[in-house]
Amino acid sequence: MSPGTATVSRRIGEALAATGVDTCFGVVGSGNFHLTNALVAAGATFVAARHEGGAAVMADAYARTSGNLGVLSLHQGPGVTNALTGIAEAAKSRTPMVVLAADTGAAGARSNFRLDQAALAAGIGAAYERAATPASAVEDVLRAVRRARTERRTVLVSLPLDVQNAEAPDSVPRAEAPPPVHLAHPASVDALAELIAAAHRPVFIAGRGARHPGAAAAIEALAEHCGALLATSAVAKGLFNGSPWYLDVAGGFASPAAAERIAGADAVVAWGCALNMWTTRHGRLIAPGAAVAQVDVDPDALHTGLGVLGDAAATATAVLAALSARGPAATAYRAEPLPSVRWRDEPFDDRTGDGRIDPRTLSIALDDLLPAARTVSVDSGNFMGYPSMYLSVPDAAGFCFTQAFQSIGLGLATAIGAAVARPDRLAVAALGDGGFLMGIAELETVVRLGRPMVIVVYDDAAYGAEVHHFGPGGHPLATVTFPDTDLAAIARGYGCAGVVVRTRPTWHRSASGCTAPATARCSSTRRSPPTAAPGGSTRRSAATDNSSQHDLRPLRTMIGSVDHAEGRAATMDRAGRVVGPDRVRAVLPSVADPLT
């Protein structure tokens, strides 16, 4: 190859940037070194993770939060397999994401890095493309981009090393076609209009497919006409914020008041929502005689009641036009204002004590301390209901819920991707101790990027789901319980500020009528009373005791002192005294809860 000649990898990077790709996540090895640098040279920002699994989740969360294409760059072989859990999560969530996976190429049949990437992609539900030849490589990659955007799915592109390093031909890639709008068949529109017109107590549940531009407004306008109440699946939490008829999340996270109204509906219409077992409480949330309809662009998602194949926004607009010609609709569910549907307004028995703070108490306190402009990312695990139910979010972009695969350990990387997508908001990562320790390598990424973030670890020193599932049956739990670990101290070693919270705050009612924290003696969050550690003893570690009994006020100071412009946070010493602000980018309170 003559000096100055462009390689295929360079042309791919330039072509991706020309389609609007401005952010890429990954871990660089020899196989994706030149391609990643080509993307950067073309103007994209590369976010280096510490593990490919974290990079995959960051790209997924970035796409969900920003609405842009997620792009992931991987080394061949173990670089790809390390990322599989994150790619599987994205694929199951139908996240528009392109995985640029280096591959061994024609000369690599006996390479240690050799993999059947097509089979891997198929096994986790991702689409697959391959840069077949130097002449077709750029168009092959752009086809993957078009598929990711138009089909709303994750596409893995194999990039053989010999193709990447070949001389690029002089060719101009085809311009991208705009994503098609999937219009529902007129007969389906009429059938859905009939179903809604016959209802007296309709409820609309919007999911991931309703998070696209224009969908929320179209669904809300239709609900206004027909008197429907509004709810969402967990992944669309916040979509209808501001509406007085919004019930928040349906399913397991629904408050009693919200669940009562969903269960009382005589018609349920799902907009881009699969109505899976979590959203319907295993089917118990929808009344047996209720009429059910689903609107989705994916025919495989239509499995219950009337199935309407079409775009949520376009279908809602068409149904509203059909119903408007009939005149006013019944509005029984809007005859009087909704009561509060917030979990924090539900009474509960505060079980804070013995060095453990009730996670409900802690979550309510956090909701009051955190700024309204926030992006909440929640890991999977037994704790996950508390931040999902008690922390408010400004809109659907303020909640990132990577739970389609139900893997623990994705939460911290999720928060990083969301923080990159929305630097104007404070990123909040809500994690369990198990998930936090699985993804802990990315703490370095948080600090290095300088993005303000509050990381809350709901710490029960156990895999809590297994404790609650198997404990009542008398099974031994030594395999799923662990000694106390001072997670805040570990975080300080990475460069975060850290505090342990163990006791309940004291509350007072302000003159404005708002509930506000006054004083509190605090420490770490556990989900069950002190449990027998491996070996049979019930104990706390010396390290945990040394950092216990922190007051809530230093945590309040730490959160309040996060500087969004410079990524600063106050730090504190082991006695709980504020000694910053310092060049610290994240605040990590580890919180211990007592619920069994």
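Here are some notes:
- All alpha carbon pair distances within the range 22-152 were sorted into 5 Å bins beginning at 0; the resulting P(r) in whole percents reads 2, 11, 21, 27, 23, 12, 3, 1, 0.
- Surface/4 of the Cα convex hull for the range 319-364, nm²: 5.6 nm²
- Debye-sum result for the range 408-470 in log10 I(q)/I(0), which assumes one identical scatterer on each alpha carbon, at q = 0.14, 0.23 Å⁻¹: -0.41, -0.89
- Stretching Ala372 away from Ala441 to a fully extended chain increases their span by 22.0 nm, per 0.36 nm per residue minus the current alpha-carbon distance.
- Asp103 accessible area, assembled protein chains, probe 1.4 Å, Å²: 10 Å²
- Charge dipole (Cα centre; +1 on Lys/Arg Cβ, -1 on Asp/Glu Cβ; no other charges) of the range 106-260 amounts to roughly 320 debye.
- Values of log10 I(q)/I(0), in the order q = 0.09, 0.10, 0.19, 0.23 Å⁻¹, for the range 146-262 under a Debye, Cα-only, solvent-free model: -0.42, -0.49, -1.13, -1.36
- Equivalent ellipsoid semi-axes, the range 56-107, via Cα gyration tensor eigenvalues times 5, rooted, Å: 22, 11, 8
- C-alpha center-to-center spacing [the range 307-370, the range 450-489] in angstrom: 29 Å
- Placing dummy labels 7 Å off each Cα toward the beta-carbon, the span from Thr5 to Asn68 is 3.4 nm.
- Once the mean of 1/r is taken over each pair of separate Cα atoms and inverted, the range 94-135 shows a Kirkwood hydrodynamic radius of 11.8 Å.
- Computed log₁₀ I(q)/I(0) - Debye formula, equal Cα scatterers, no solvent, the range 362-438, q 0.17, 0.24 Å⁻¹: -0.57, -1.13
- Rg/Rh for the range 245-331, where both radii come from Cα atoms and Rh is the Kirkwood radius: 0.98
- Using only side-chain charges placed at the Cβ, +1 for Lys and Arg and -1 for Asp and Glu, the dipole size of the range 282-391 relative to its Cα centre rounds to 300 debye.
The values are calculated or read from the model by the stated rules, or taken from the named source; none is laboratory data. Treat the numbers as computed from the prediction; the structure is a model and nothing was measured. With ideal geometry, Cβ positions are generated from the backbone for all residues, glycine too; neighbour counts draw on all protein chains shown. Just so you know, the surface numbers come from the protein's heavy atoms only, side chains and all, with ligands and any DNA or RNA stripped out. Shrake-Rupley method; radii C 1.70, N 1.55, O 1.52, S 1.80 Å.
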